[in-house]
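Below is one structure, written out as structure tokens, with a few remarks after it.
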Amino acid sequence: MLTLDDYELIRRMHLVEGLSQREVAQRRHHSRKTVAKAIANPIPPPYRRKDPPGRPVIDPVRALIDAWLEQDKALPRKQRHTAQRIYERLRDDYQFPGDPSTVRRYVAIARDRQKEVFMPLAFEPGEEGQVDWHEGYVEDRGELVQKQFFGMKLCYSKARFVWSYEQASLESFLDGHVRAFVYFGGVPGRLAYDNLKSAVIRVGQGQERKLNERFKQLRS
């Protein structure tokens, strides 16, 4: 069963990066049917679990795989781990009970996460927008009332959208996105966040962030 993260990545590869369904299926090691289902639906369909959820088999070795991939950055390309080699090491040295496909899927996700990010100094129309919260005041029947302002700015045109809320809650954060997209008549290819506290559940090492599921649903 694919997760919301899997659906979002598949949809981005096809709808944003322009890869064919066949290419996505090959790169993500999924069937064409599974890829087509993810492209047609922004979030996985709900299902009922008969038994209590078990701990994913990959969880105990995630940190180990991440460490190997991080070490690979300093090695020549031919000396770096392949997903198959990682699986074999886990199986032989750590008694890993999972199968190769489980390792391949996680390695693909981990490598995408470790890619360097370059911030362009010049932007094409619609390429990127920036989102932030600001605190300010509005006049309400002669009195100044403190508000939280959701703001989205397009980097190329500098066009701005601002909407006020009582508090910078997750609901306001999501609502602000929807209003901004309607106002601009579309969605930027990428959004940069100066302050993502409204959607972040936990901050991990480096750039690792655990995002709220509702925000990931909107993003997908």
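Computed from the coordinates by the stated procedures, all read-outs in this text should not be read as laboratory data. Since the model is a prediction, treat every value here as computed from it, not as a measurement. All Cβ positions, glycine included, derive from the backbone under ideal geometry; neighbour counts span all protein chains shown.
Laid out as a table, the results:
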quantity: Paired Rg and Dmax values of the stretch 73-201, which use every Cα atom, in angstrom; calculated: 22.3, 74
quantity: Exposed GluC sites (Glu not before Pro) absent: longest stretch of the chain, with sites in DSSP loops and at most 14 other Cβ within 10 Å deemed exposed; calculated: 18-115
quantity: Calculated over the chain: convex hull of Cα atoms, volume per residue (Å³); calculated: 179
quantity: For ALA192, residues with placed amide H under 5 Å, excluding near neighbours; calculated: GLY129, GLN130, VAL131
quantity: Only Lys, Arg (+1) and Asp, Glu (-1) charged, at Cβ; the chain dipole about Cα centre in debye; calculated: 1060
quantity: FRET E, pair ASP5, GLN71, Förster distance 22 Å, beta-carbon r, rounded to 0.05; calculated: 0.35
quantity: Of HIS30, ILE43, LEU15, farthest towards positive along the dipole that unit charges on Lys, Arg, Asp, Glu beta carbons give the stretch 1-46; calculated: HIS30
quantity: Rule-of-thumb Rg ratio for the stretch 1-46 [Cα; 2.2 N^0.38 Å; N residues]; calculated: 0.98
quantity: For THR34, THR3, order by how many other beta-carbon atoms lie within 10 Å, fewest first; calculated: THR3, THR34
quantity: Of the chymotrypsin sites (Phe, Trp or Tyr not before Pro) in the stretch 1-101, those whose Cβ has at most 16 other Cβ within 10 Å and which sit in DSSP loop; calculated: TYR47
quantity: Overall dimensions of the stretch 61-115 by Cα: Rg and Dmax, Å; calculated: 10.6, 30
quantity: Axial C-alpha extent at least 20 Å, average Kyte-Doolittle at least -1.0 - helices from the chain (DSSP); calculated: 100-114, 170-184
quantity: Binned Cα-Cα distance frequencies in the stretch 125-220 - 5 Å width, integer %; calculated: 3, 12, 21, 23, 19, 13, 6, 2, 1, 0
quantity: Positive-end extreme of charge dipole, the chain - chosen from ILE65, PHE215, CYS155 (charges on Cβ); calculated: ILE65
quantity: Helix-derived mean residue ellipticity, 222 nm - over the chain, DSSP H n ≥ 4, -39500 (n - 2.57), to 500; calculated: -11500 deg cm²/dmol
